[in-house]
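The values are calculated or read from the model by the stated rules, or taken from the named source; none is laboratory data. Because the structure is predicted, anything quoted here is derived from the model rather than measured. Don't worry about glycine lacking a Cβ; one is built from the backbone with ideal geometry, like all the others, and counts go over all protein chains shown. The protein model used for the area step is the full one, side chains on, heavy atoms only, and it has no ligands, DNA or RNA in it. Shrake-Rupley method; radii C 1.70, N 1.55, O 1.52, S 1.80 Å.
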Amino acid sequence: MCTACACGTQDGTQGGSQNGDSARAVAGGGEASVYTVSGMTCGHCVSSVSSEIGGVGGVTDVRVDLASGAVTVSGAGFSDEEIRAAVERAGYTLAATLPVSAA
């Protein structure tokens, strides 16, 4: 069972995106930041984090890499604290932030 979200996934990779896949929440572009989120173990975890972050005002794109815990957030007008709060609402921990330029 997935211990992070208790979704019932047996091996931590079923029921959503496979380990290492990205999940796209919403389309768009602009500035981007890469966050490290700890505690995600399955596709359901990815979906929860993507959904919460995608609901933050100004966010236009969310990509989650389950294997590394990297979450790339694109858009404008959102703060690191808003992203941190969204990650915590999803039940996970924001470990690091790295601003990057979106290509």
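Worth pointing out:
- When each of CYS2, CYS7 is tested for being open to solvent by less than 30 Å² (accessible area, probe 1.4 Å), among the hydrophobic types (A, V, I, L, M, F, W, C), in a loop (DSSP other than H, G, I, E, B) and at pLDDT below 95, the lone residue that passes is CYS2.
- Checking each residue in the range 70-84 for being closer than 15 Å to SER48 by Cα, open to solvent by 40 Å² or more (accessible area, probe 1.4 Å) and either over 14 Å from the mean Cα position of the chain (by Cα) or not β-branched (Val, Ile, Thr) (or both) picks out only ARG84.
- Among the residues making up the range 49-68, those that are closer than 13 Å to ALA90 by Cβ and open to solvent by less than 30 Å² (accessible area, probe 1.4 Å) are VAL49, SER50, ILE53, GLY54, VAL56, VAL62, VAL64.
- Residue within the range 50-60 that is at pLDDT below 95 and in a strand (DSSP E or B) present: no
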